Amino acid sequence: MNFTRTLVTTVVLLVGGSAIGQEATLRKNLAERIPQFQKIDEVTKSPVPGLYEIRVNGAEIFYTDAEGNFLIQGSVIDTRQRRNLTEERIDKLTAINVDELPLKDAFTIVRGNGKRKLVVFEDPNCGYCKRFERDLQKVDNVTVHTFLYPILGPDSTEKSKAIWCAKDRAKAWLDWMVRDQPPAAANCDTGAIQRNVEIGRKHRITGTPTLLFADGTRVPGALDTKQIEKYLAEVKN
């Protein structure tokens, strides 16, 4: 009994040591050969035998062989299940828990009983955002948290600051997005806007509008009224 336990423990230690040594080899070789890989976030075995996943910059995924002699940039596709494993991995890494978002950096509009929740990242100069906002006016019984996310240029930042500093942010936002009435210039602490941009970059929000539903479902792009209602109905709040 003791011999068996000792043998099992020895095998586990050998396997563990081998895995640690392999990771060290990959980190060393890649760091020496590619400057961008001086800091590697994580090294793990990929679903493909002999292929290792290298994660850098939070959610950038690469693949390599056991020695780091070859580097692959692209997607791993499971042909049997017809799944993009790389895309699924990135989605998991960049998933956003809406309950953990800093709502103090957003402004909120409540319609009806407000029981349903929707979070939106939007740029005030985004034409698709304007179309989305006009369709959103027809949706009732929803609480909408809007994060100003100026990524289309300097004027987007200036408009975002004016809206954020307005006495009634929700009104200033809707006046511009729905009624084409430009926001009046105003001054205040606009640190929230920069924090929004940092959160968006961290979670790879690359376009506007980006919608987040209560269960973490992320939908990039403008939805029409019918599509918004469909997602709200399907989500478990």
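Just a few scattered comments:
- Solvent exposure of the chain amounts to 58 Å² per residue of accessible area, where only protein heavy atoms count and the probe is 1.4 Å.
- Shape box of segment 136-199 [Cα atoms, principal axes, largest first, Å]: 31, 26, 22
- Pairs of C-alpha atoms in segment 15-68 farther apart than 15 Å represent 41 percent of all such pairs.
- According to the calculation over all Cα-Cα pairs in segment 23-132, the P(r) per 10 Å bin from zero is 11, 30, 22, 20, 13, 3 %.
- Extension gain for residue 188-residue 134 works out to 16.7 nm (0.36 nm per residue, less the C-alpha to C-alpha distance).
- Peptide packing for 115-126, 144-155 was compared via the average number of neighbouring C-beta atoms within 10 Å per residue; ordered from the highest value, the list is 115-126, 144-155.
- A straight chain from residue 71 to residue 88 at 0.36 nm per residue would run longer than the Cα-Cα distance by 4.1 nm.
- Computed over segment 106-237, the quotient of the alpha carbon radius of gyration and 2.2 N^0.38 Å is 0.99.
- Taking the average, over residues, of other Cβ atoms within 10 Å as the packing measure, peptides 26-35, 65-74 rank 26-35, 65-74 from highest down.
- Shape category assigned to segment 48-96 from the gyration tensor of Cα positions, a/c cut at 1.5: oblate
- Electrostatic tally near residue 221: other residues with Cβ closer than 14 Å to its Cβ, Lys and Arg +1, Asp and Glu -1, net -2.
- Based on DSSP H segments of at least four residues, each scored -39500 (n - 2.57), the chain has a per-residue ellipticity at 222 nm of -12500 deg cm²/dmol.
- Seen from residue 62, the other residues with C-beta closer than 12 Å to its C-beta sum to a net charge of -3, counting Lys and Arg as +1 and Asp and Glu as -1.
- Above-threshold pairs, the threshold being 24 Å between Cα atoms, out of 28/202; 115/138; 130/159; 92/115; 138/230; 92/202: 28/202; 92/115
- For the chain, the residue among 185, 223, 153 whose Cα projects farthest onto the positive side of the dipole built from Cβ charges is 223.
- Distance in nm between pseudo-label sites at residue 59 and residue 215 (7 Å out along the Cβ direction from Cα): 1.9 nm
- Based on the reciprocal of the average 1/r between different C-alpha atoms, the Kirkwood radius for segment 79-141 equals 14.9 Å.
- Shown for the chain: the carbon plus sulfur share of the solvent-accessible area, taken with all protein chains present and a 1.4 angstrom probe, equals 53%.
- Using only alpha carbons, segment 177-222 has a radius of gyration to Kirkwood radius ratio (Rg to Rh) of 1.06.
- Charged side chains reduced to their Cβ positions (Lys and Arg at +1, Asp and Glu at -1) give the chain a dipole of some 440 debye around its Cα centre.
- Extent of the chain along its three principal axes (Cα atoms, max minus min coordinate, largest first): 76, 39, 36 Å.
The values are calculated or read from the model by the stated rules, or taken from the named source; none is laboratory data. In this text, all values refer to a predicted model and were calculated from it rather than measured experimentally. Using ideal geometry, Cβ is built from the backbone for each residue, glycine included, and neighbour counts are taken over all protein chains shown. Protein only, heavy atoms only, side chains kept; ligands, DNA and RNA dropped before computing areas. Shrake-Rupley method; radii C 1.70, N 1.55, O 1.52, S 1.80 Å.
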